[in-house]
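Presented below is the structure to which this report refers.
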Amino acid sequence: SLPVESIRALSDLHPKPASLRFQYGTAGFRTLASVLDSVLFRVGVLAGLRSKKLDGKTIGVMVTASHNPEQDNGVKLVDPRGEMLDTSWELHATALSNAQTTDDFIGELEKFVQALKIDLSKPARVVYARDTRPSGDALVSSLEDGIKAIGAEGRNVGVTTTPVLHYLVRAINTKGTKESYGEDSEEGYFLKLATPFKKLVSTRPALSPLLIDCANGVGAPIAERLAEHIGTSLPFILENASITTPGALNNACGADYVKTSQKLPPSLAGPLQPSQRGCSLDGDADRLMYFYLDEQSQFHMLDGDKIAALVSDFIVDLVKTSGLDSQIKLGVVQTAYANGASTKYLSERLPVKCVPTGVKHLHHAAEHYNIGIYFEANGHGTVLFSQATQDLLQSYTPSTPAQSTALDHLRNVNQLINQTVGDALSDMLLVEAVLAHRAYSGIEWDSLYVDLPNRLVKVVVADRTQFKTEDAERRLVSPAGLQDKINELVRRYEGGRSFVRPSGTEDVVRVYAEASMKSQTDELAFRVAGLVY
Ligand code: 16G
Ligand code: ZN
């Protein structure tokens, strides 16, 4: 039965603030760090129960608020294969976090254990980590109390990136099996990335140094250690690496800043030379944006859609050259935020599917292909190779030297990619490897297609739950009649497209618009926003 006494004693140390309602959303729980203590404790208990439910498999817990301001924090659970928490458990997490008193919490737990038939005699294992936020240390202590209360075994990884934690969960759970993912240590992670990268670029002319904007977050120390493993094959120049300066995290820098403002972080105006490649990580290093300055020092952004185009082309070519194109079906997954020009470009080359926002939707859709490529425009993405495809890559015997080289490259690409979740550092090495093979500079990569001007606007509304969508968020079904009005507006703009959806992470409604001309795009976005307000 439940260790009620230990849960009660420890739960009393982590009371839920009255009048607050928490929700496990697309990014787990995320809000002001100062109100998260009880949530962390309860997530510790829940992680233990999830592990017991899955026969003692190790569950991951990541304490981070990604690109949010420094005073926020958050927490999300990672399932045994290194993937997002199963959707059905999101509701359980929300329910447990909102129990008002310790008694209510224990009552909810008892109901929950019974309903899900959780065998409490099973072992429980939890591995956890946090980003560099100053609030992280105390929140991890609260989490540890929860892990202890349920009698689970905890492993603290300390300060690391979200993708490293996902990697570790998969590595721990596949240890000693034929699907082994590598050593279950940060060292194992660096080797997983560095070894295939060095092989991929070894026959290519040396890459020029890459400037990396670390958002003053955990990407900085991890990139620094990755650099030691990468060596001279790709020199890193780390910028915005001040992880102890109060208020610096994600402040006017990082991947989200670059994507939303479509500008170079002011701190990079000096360090980034014309024609040099640069990229930005977000606060937990699971998003990546590229950019460069042209000869006129004009800023150009290469977002998740451009990464998808670059990577898809490369993989399509390798599959064809290796002689495996009849056996490997590729596909790309995007969301409604994908630039229309990228969707057009990709659709001319391979199947493209559109799904609702959020990694879990993209990830699951990508699993339907032998090789599934997914990137959100915001820079979060990865490439999934099905197990059968990985086996095929191992067993296939090429019949020409060209096939053999392409096969080697495919094997290395498969190794290099962190397939558990979007990983800015893994994606960055993948991009660099493709650029080396294509002999592309930023300009050539950028010219694969020309982005349509686009604009994103946030609207604060009385009740965002009134906004309901269908067709992968491209159409509103509620409030009634609103979509018709949007359609009518969109028709008046050349190349116009616009959609409205409630945010899953903020109490706002988002409006996206694109059109052939910049001024028209802004006008369309604001007029649609006017309809929503
Ligand atoms: C979260 C999602 C991200 C999505 C974003 C949308 C994960 C791990 N992250 O950050 O994929 O793009 O939310 O936010 O799923 P929004 O709903 O506020 O627009
Ligand atoms: Zn992130």
_Criterion first (more than 16 Å from ligand 2 (Cβ to nearest atom), part of a loop (DSSP other than H, G, I, E, B) and among the hydroxyl-bearing types (S, T, Y)) does T245 satisfy it?_
yes
_Suppose we filter the range 510-533 for residues that are part of a loop (DSSP other than H, G, I, E, B), of a type in the set (G, A, S) and closer than 19 Å to L482 by Cα; how many remain?_
0
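Table: residues versus (1) within 24 Å of A194 (Cβ to Cβ); (2) free of Cβ contacts under 8 Å to residues at least 24 places away in the same chain; (3) surrounded by fewer than 21 Cβ atoms within 10 Å (Cβ to Cβ).
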residue	(1), (2), (3)
T389	yes, no, no
S395	no, yes, yes
P401	no, yes, yes
V413	yes, no, no
D423	yes, no, no
L429	yes, no, no
H437	yes, no, yes
I443	no, no, yes
_Whether any residue in the range 485-494 is crowded, with 16+ Cβ neighbours inside 10 Å, at negative phi and at pLDDT below 95 is what I want to check._
no
*For the range 132-143, enumerate the residues that are over 17 Å from S66 (Cβ atoms) and surrounded by 19 or more Cβ atoms within 10 Å (Cβ to Cβ).*
S142, L143
_Just to be sure before I move on: is S97 more than 16 Å from ligand 1 (Cβ to nearest atom), of a type outside the set (A, V, I, L, M, F, W, C) and in contact with a strand residue (DSSP E or B) (Cβ under 9 Å, 6 or more places away or on another chain) in the structure I sent?_
yes
*Residue ranges of strands (runs of 3 or more DSSP E) in the range 409-509 with at least 3 members within 16 Å of ligand 1 (Cβ to nearest atom)*: 454-459, 497-502
*Among the residues of the range 506-529, is there at least one that is within 16 Å of ligand 2 (Cβ to nearest atom) and surrounded by fewer than 20 Cβ atoms within 10 Å (Cβ to Cβ)?*
yes
*The listed residue being in a helix (DSSP H, G or I), farther than 30 Å from D12 by Cβ and free of Cβ contacts under 8 Å to residues at least 12 places away in the same chain, out of A223, A194, A227*: A227
_Considering only the range 384-393, I want to know if a residue exists there that is closer than 21 Å to D303 by Cβ and not assigned by TED's automatic domain parsing to the domain that holds S503._
yes
*Test result for V78, at pLDDT 95 or above, within 16 Å of ligand 1 (Cβ to nearest atom), β-branched (V, I, T) and outside the structural domain of G381 (by TED's automatic domain parsing)*: yes
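The values are calculated or read from the model by the stated rules, or taken from the named source; none is laboratory data. Not measured: the values here are computed from a predicted model. All Cβ positions, even for glycine, are placed from backbone atoms using ideal geometry, and neighbour counts span all protein chains on display.
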